[in-house]
Amino acid sequence: MFPVHSKPPKPKLDFTQRPEPLQCRRFVFTPYRWLQTVIFAVEEINRNPQLLPNLTLGYALADTCVTKRTALSAALGLVTGKDRVVTGSGCGRTPEVPVIIGDACSSVSKVIARTLGVFSIPMISYSATCACLGDRLKYPTFFRTVPNDAFQAQAMAHMLRLFGWTWVGVVVGDENYGKSGIQLLMKELENSEVCVAFSEIIPKVNLDASIPRIVETVKQSTAKVILTFAICADMYTLLREVARQNITDKQWIATESWATSSLYASPVMLTSLKGTIGFALRKANIQGLKSFLTRLKPSDLPSDPFVQEFWEILHYLRTVNFTTPVGEAVYFNENSEPPASYDIMNWHVGAEGKVKFVKVGQFDTVDGSDSKFYMDAKKVFWSGGQTEMPRKHQDSGQSGAAIPNANGHLWAAVWLCAALILPTPGVIAAWRA
């Protein structure tokens with residue numbers, strides 16, 4: 001299951017007429033490339049007699065359009081062999097498709113996993129990172145091949161402490177990925193000296209009014225480091241406005257959702273985004289994949305499914321443990337999740353104005369051991385094109401701000417983590433939160 005087309009806009013409901021049916025919008029190339037990669041993997045398995053001797057894997061494909069209703073309908077159609085929602089005795093029989101690969105989005109995956117879990121049908125996501133999906137009671141048959149966002153939050157906290165960034169802005173998306181991610185980050189920062197100058201949510205509706213207001217907050221804030229936790233599409237809407245307003249003095253910290261996206265590689269956007277630092281999922285060079293993708297052409301695909309009792313597949317998934325040809329261990333922990341591995345990427349802009357994603361560090365957790373965070377600051381290309389970290393990233397907000405209170409007196413704030421401003425002129429009390 002892949003979001004090959006983008007989500008349709010939410011209709012404006014005036015309750016005077018029936019809303020038009022939602023239709024998928026623009027074709028999105030990256031998910032289509034993911035889809036073709038799965039086909040490549042299945043064909044590689046089928047060609048290797050040592051992997052599944054005397055067995056042939058089949059597959060069925062579905063476009064979710066990043067919508068819960070479309071995705072759930074597609075999932076039920078796949079596991080029952082029917083186009084419509086399963087009813088009656090159809091629930092109890094062996095499913096036509098014994099396992100679902102997908103979805104990319106955490107909020108969509110939650111809906112599908114909650115439903116499939118009732119029937120013990122396993123679901124393996126390649127991109128849903130929300131920590132909420134690790135709940136074994138709600139999602140007992142959900143697996144994923146990417147780490148959950150709790151580890152990304154740890155890595156972000158490590159970075160803030162490493163560079164002494166104690167005055168930051170936060171921008172999150174209005175979905176499970178963004179809300180859960182920022183909660184995890186705030187938990188990691190509870191006992192630190194990091195303070196949040198502002199926190200903004202990118203809404204799903206009324207963007208024309210909301211986005212300029214959010215960007216104005218970013219622009220006017222004394223915080224120079226901006227943390228983000230939002231899906232790629234939401235960040236694009238925001239950063240396009242950032243570029244339009246020519247805001248170039250902010251250090252953007254990206255999550256894996258957009259840290260290496262070519263969507264932001266245009267010269268106009270790079271003016272504001274050069275020097276961005278982000279966390280990217282570890283990647284490997286898959287032999288033969290590039291040539292497979294570049295020679296794609298319309299053809300008939302195998303349609304016979306690999307039918308096996310769903311409980312046998314679920315049991316097998318829980319015991320998976322092997323090493324890939326590039327030396328990476330593949331296994332699922334007690335939450336059906338892999339160990340976390342991130343590459344820390346930095347955006348370098350060359351003489352021709354083209355962006356290059358350069359690895360400047362990494363963050364790893366293996367077998368439950370202590371997390372390992374490493375970053376080479378000497379390789380970092382900072383915001384504004386500087387090769388040394390601007391001191392303003394550390395100093396912003398530390399001296400506090402003078403603002404008039406209700407009586408016209410000036411209040412001052414010393415930012416350790418939170419401050420209590422007393423109404424008596426010149427009196428300040430501050431303590432760690």
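The values are calculated or read from the model by the stated rules, or taken from the named source; none is laboratory data. Bear in mind the structure is a predicted one, so any value in this text is a computation, not a measurement. Quick reminder, even Gly has a Cβ in these numbers, built from the backbone with ideal geometry, and neighbours come from all protein chains shown.
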>> Name the residue that is nearest to M389 (Cα to Cα), counting only residues in the stretch 336-362 that are surrounded by fewer than 18 Cβ atoms within 10 Å (Cβ to Cβ) and among the aliphatic types (A, V, I, L, M).
In response: V358
>> in a helix (DSSP H, G or I), modelled with pLDDT under 85, outside the structural domain of K179 (by TED's automatic domain parsing) and not hydroxyl-bearing (S, T, Y): is that true of L22 in this structure?
In response: no
>> Regarding the stretch 57-66, can at least one residue be identified that is of a type in the set (A, V, I, L, M, F, W, C), in contact with a Lys or Arg (Cβ under 6 Å, 6 or more places away or on another chain) and at pLDDT 90 or above?
In response: no
